[in-house]
Each structure stands twice: as structure tokens, then as C-alpha cells.
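J.: Here it is, the structure in full.
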Amino acid sequence: MLLEIAITGKSYPAPNGGSAPVLGKIAFGIRPGEIAAIVGPSGCGKSTLMRLAAGLDQDFDGRIALDPAARTGIAFQEPRLLPWRSAGQNLRIAAPAATDAELDDLCARFDIGDHLNHFPAALSLGLARRFSLARAFAVKPDLLMLDEPFASLDSAMRRRCCDAVADLVDARRLAGLIISHDIEAAVRLADVVYVFSARPACIIAQQEIAMPRRSRTDSAIREIMAQIEALG
Ligand SMILES: Nc1ncnc2c1ncn2[C@@H]1O[C@H](COP(=O)(O)OP(=O)(O)OP(=O)(O)O)[C@@H](O)[C@H]1O
Ligand SMILES: [Mg+2]
């Protein structure tokens, strides 16, 4: 396993003192080459889980094992670009070993090549998100962690970026954890979809998707989405 999650609980301090449980018992693993998606209601703890999986918050009960040899490429729910560097420099700084051709290829895939000289404050949220997606791939990860990767994109751009992620994942045989409100994106990308309950989140259903990502037709996607909605 590249990533093994065996959480027994996670709480945050409650505003009135005490603690508020956010995650319940959650156990699953991600094998090399496997994409797992998590869908669930807003506020249920999806981003919290991603922060725990990335090792950014150690304050939880249970165990998370991330293969120490695995390089992770992360795109957070808020794009988090360095504000004092141009968008292009943000990519370059994150991936000093990437060639110009590799970065150009990512810029073309995510349609951001015309905005390299803009500073993050001058980017729309959707553009900033696409830069943060390109950055996640630029580091040549073994394991991707993408939190709401297509939020604030219009439907055509959402589809284009989703296809770009699918192509890159397949070409590089990447593993990943993809978090999404949007069940359609989860179904287009994942090998397995985990459905989270409302907070405190636990896995209430899971759906394996055996069909290769790029063979999933729109009607197959709709059918799988309906199956998952029926489970949740
Ligand atoms: N640092 C924190 N301190 C206290 N409470 C927090 C903190 N971070 C998140 N929470 C709370 O924990 C719950 C889960 O938050 P989280 O961001 O993980 O949800 P989410 O499923 O990603 O939501 P969304 O779909 O809206 O992105 C929310 O109620 C949130 O307010
Ligand atoms: Mg979130």
C-alpha cells in the first residue's frame, strides 16, 4: 500500500470548550496505481482527512502510514500559490527538477500558458486552481492528493481539466486521493469511490469502478453516479 488509513477518531476544539468530533472510524488503503475518490456532504471532514493523510495534522486517533519513498503532489481546496511570485514562478519553484518542456506540457493541458506572468492576486479563482493542479503534477508525484480540484471551473473547463487529470494519471500510472463534492468528477477519475456520511464522517458506502477511466462513456458515468447516489 502507498497509503494506509486507519483512523479511529479526529476532533477539533469546540468554540464553547470541549471538543467536536469530525471524523469517526475510517479505514481504507491506496495501492500503487489506484485512484480513490471521496465524496460526501459539505463540512463532513473530507479536507480534514486529506490534511491528516498528507501528514499536515498529527492530532488524531489511529494510524496513517504513507510510504516514505512516495512523493506526493498536493492541490489544496484553496489554491495556495505564493502571492509574491508570478504564477509561472510558482510552478518553477515547486518543481526545480522539471524541464521547461514538461512545464509547458502541463500548462497546455490545463490551459494556463497565457497567464504565467500574472501574480496570483490577478488570477481568477479558477485559474489559480488550474495552476495549483499543474503544480501538483509538476513535482512528478507517485501519489496525488487533490481537494476539490475542479471547483470554480465552468463545465467545459471542468471537463477539460478532468480529462487532463485522467490522461496524466493513466500515462504516469499514478495513485491518488481525490476529494470532490462533484460525484461526476469522482466517477470519471476513480477506481474506487468512498461515500462519507455527515460529520463525524465514516465510510457509508463504496463503489469499485472496473471500467478503464478513458473508456467511461457519458452514459456509463451517469449509470455509476446513479448507483452511488442510491448507495449514499
Ligand atoms: N482548524 C479547525 N478548527 C476547528 N474546526 C475545524 C477546523 N477545520 C475544520 N473544522 C470543522 O471541521 C468540519 C469539517 O471540515 P472540513 O473542511 O474537513 O470539511 P469538508 O468535508 O472538506 O467540507 P467542504 O465540502 O465544505 O470542503 C467543519 O465543521 C469545519 O468547520
Ligand atoms: Mg473541504
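J.: For the chain, what does the relative contact order come out to in percent, with C-alpha contacts under 8 Å and a separation of six or more?
T.: Values: 453 pairs, mean separation 62.4, N = 232.
Here the relative contact order equals 27 percent.
J.: Test of understanding: in a Gaussian network model of the chain with alpha carbons linked when under 10 Å, which of 97, 190, 75 would top the mean-square fluctuation ranking?
T.: 97
J.: Right, here's the next one. Let a ≥ b ≥ c be the square roots of the eigenvalues of the Cα gyration tensor of the stretch 1-93; is it rounded (a/c under 1.5), or, if not, prolate (a/b larger than b/c) or oblate? Before the final figure, lay out the partial values.
T.: On the way: a/c = 2.12, a/b = 1.27, b/c = 1.67.
Note, shape of the stretch 1-93 comes out oblate.
J.: How big is the shadow of the Cα convex hull of the chain, averaged over all directions, in nm²? Mind showing how you got there, number by number?
T.: Working: hull surface 52.0 nm².
Convex hull of Cα atoms, orientation-averaged projection: 13.0 nm².
J.: Taking 0.36 nm per residue of separation and subtracting the Cα-Cα distance, what length does fully extending residue 167 through residue 104 add?
T.: Fully extending the segment from residue 167 to residue 104 adds 21.1 nm.
J.: Right, another one. When DSSP beta bridges are limited to those with both residues in the chain, what percentage is antiparallel, rounded to the nearest 5? Write down the numbers at each step before the final one.
T.: Values: 20 of 38 bridges.
Approximately 55 percent, going by the DSSP bridge assignments.
J.: Next question. Rounded, prolate or oblate: which one fits the stretch 109-160, using the alpha carbon gyration tensor with axes a ≥ b ≥ c (rounded when a/c is under 1.5, else prolate when a/b beats b/c, else oblate)? Let's see the in-between values first.
T.: On the way: a/c = 1.74, a/b = 1.21, b/c = 1.44.
Taking the square roots of the gyration eigenvalues as a ≥ b ≥ c, the stretch 109-160 is oblate.
J.: Still on this model: Quick one: 86, 219, fewest Cβ neighbours within 10 Å first, how do they rank?
T.: By the 10 Å Cβ count, ascending, the order reads 219, 86.
J.: Which of the lysines could be linked to residue 140 by a straight reach, that is with a Cα gap under 29 Å, when you skip same-chain ones fewer than 8 residues away?
T.: 46
J.: Show that you can apply the helix-only estimate: for the chain, add -39,500 (n - 2.57) for every DSSP H stretch of four or more residues, divide by all residues, and state [θ] at 222 nm to the nearest 500.
T.: Counting only the DSSP helices, I get -10500 deg cm²/dmol.
J.: How many nm is it between the label spots at residue 140 and residue 204, if each spot is 7 Å from the Cα in line with the beta carbon?
T.: 4.3 nm
J.: Residue 122 versus residue 80, label points 7 Å from Cα toward the beta carbon: distance in nm?
T.: Here the modelled spin labels are 2.6 nm apart.
J.: Now for a different question. Select from the stretch 98-173 those trypsin sites (Lys or Arg not before Pro) which occupy a DSSP coil region and have at most 16 other Cβ atoms within 10 Å, ordered by residue number.
T.: Of the trypsin sites (Lys or Arg not before Pro), the ones in loops of the stretch 98-173 whose Cβ has at most 16 other Cβ atoms within 10 Å are 173.
J.: Turning to a different aspect of this structure: Once you've got the GNM for the chain with C-alpha springs shorter than 10 Å, pick whichever of 67, 167, 111 has the biggest mean-square fluctuation.
T.: Greatest mean-square fluctuation among the candidates belongs to 67.
J.: How many angstrom separate the Cα center of the stretch 33-93 from the Cα center of the stretch 122-136?
T.: Measuring centre to centre over Cα atoms gives 15 Å.
J.: If you don't mind, there's one more thing I want to ask. Enumerate by residue number the trypsin sites (Lys or Arg not before Pro) in the stretch 1-108 meeting two conditions: DSSP loop (anything except H, G, I, E, B), and at most 11 other Cβ atoms within 10 Å of the site's Cβ.
T.: Numbers: sites: 10, 25, 46, 51, 63, 71, 80, 85, 92; in loops: 25, 71, 80, 85.
Answer in residue order: 71.
J.: Next up: Exposure proxy check: 181, 115 ranked by fewest other beta carbons within 10 Å?
T.: Listing 181, 115 from fewest to most nearby Cβ atoms yields 181, 115.
Every number in this text was worked out from the coordinates using simple rules, so none of it is lab data. All values reported here derive from a predicted model rather than from experimental measurement. Note that we place each Cβ from the backbone using ideal geometry, even for glycine, and neighbour counts take in every protein chain shown.
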